[in-house]
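Participant: Pasting a structure below so you can have a look.
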Amino acid sequence: MGAVIQQQIGQEWQPLAFLSKKLNNAQRKYSPYDRELLAIYTAIKHYRHLLEGRKFTVYTNHKPLTFAFDQDTSRSSPRQARYLEYIGQFTTDIQYIKGKNNIIADTLSQVESIHRAIHPETLAQEQEKDNKIKEILAANKGLKLTQIPVPESATAVYCDTTSPITRPYVPKSLRRQVFQSLHDLAHPGKRATAKLIMQRYVWPHIQQDCMKWARAYIHCQKSKITRHNNTTVGSFIQPTKRSLYTHRHSGTTTNISRLQILPHYCGSFHKMARSHPST
């Protein structure tokens, strides 16, 4: 987690103190809401001597926290209620700030998780080993790869020049590292992750790879909840002759009915059971 204490002087913000702390194993399992709330609680507790008795505003890039003091406290967990009670002793003014504007706090909270950028020399060496890039250059269709010199370096890397933005070609050995370096910044969804990476890099089937990795990313699987499960539509076996199956509705509980399909084993149909509609 990361936080910064800033004071506005004129039109500029001047930093006064910084805080960066690693989450323990239990805290890593918290939901995003609880982790962000923990960061605010920890920052206020750590800098209590600077904040006590002063009017200040908490800025966070996690928008649900801006409604923390407006919601029904009975819906909060004991831990959330404890954190909010402590924070409320100092301020209840929590405002939203976009992640791109929350640069300092985000950087401090991700010091250990930020992957190092791929060095141009490493990228060029891996491109020479990649067989797929040789096929693309030989086919001369699809991606248009051109060697672009790296500024202030003797290295040249293959880049796609079909779009206004020059995008380096990423060989297979470095694709997962590129994905993690961008996805780990804010853990966006599969479509947002694919768009973010496609704006900067290129390789065959890049969109499918990014969406697949984002869906299977273990940290997102632990924290994010899929609220809508799509159930496939059922179907009945097409009968080959009349009265082959009997459909019976049987009420089980209030407003719930059950459908049973009873196959005939005794020849022709001769009796109809009475239907009991659910109440």
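Participant: Please sort 137-144, 3-10 by packing, taking for each peptide the average over its residues of neighbouring beta carbons within 10 angstrom, highest first.
Facilitator: 3-10, 137-144
Participant: A further question follows. Of the cross-linked pairs 98/134; 45/195; 98/144; 21/172; 129/190, which ones have a Cα-Cα span greater than 31 Å in the structure shown?
Facilitator: Correct reply: 98/134; 45/195; 98/144; 21/172.
Participant: Can you tell me how much longer the chain between residue 74 and residue 27 gets when fully stretched, taken as 0.36 nm per residue apart minus their C-alpha distance, in nm with one decimal?
Facilitator: Extending this stretch completely gives an extra 14.7 nm.
Participant: For the residue pair residue 191 and residue 150, what label-to-label distance in nm results when each label sits 7 Å from Cα along the Cα-to-beta-carbon direction?
Facilitator: Distance between the two pseudo-spin positions: 3.5 nm.
Participant: Run the numbers for residue 13 and residue 135: contour at 0.36 nm per residue of separation, minus the present Cα-Cα distance, in nm. Walk me through the intermediate numbers first.
Facilitator: Details: separation 122, 0.36 × 122 = 43.92 nm, distance 5.27 nm.
Contour length minus Cα-Cα distance gives 38.6 nm.
Participant: Another question about this same structure. For the stretch 15-39 and the stretch 128-144, what is the separation of their C-alpha centers, rounded to whole Å?
Facilitator: Distance between centres, Cα-based: 45 Å.
Participant: Just subtract the alpha-carbon distance of residue 6 and residue 93 from 0.36 nm times their residue separation and send over the number in nm, one decimal.
Facilitator: Details: separation 87, 0.36 × 87 = 31.32 nm, distance 1.54 nm.
Gain on extension, residue 6 to residue 93, equals 29.8 nm.
Participant: Please list 176-187, 49-60 highest first by mean number of surrounding beta-carbon atoms within 10 Å per residue.
Facilitator: Top to bottom by mean Cβ count within 10 Å: 176-187, 49-60.
Laboratory data are not the source of any read-out in this text; all were calculated from the coordinates shown. Keep in mind the model is a prediction, meaning the values are calculated, not measured. Quick reminder, even Gly has a Cβ in these numbers, built from the backbone with ideal geometry, and neighbours come from all protein chains shown.
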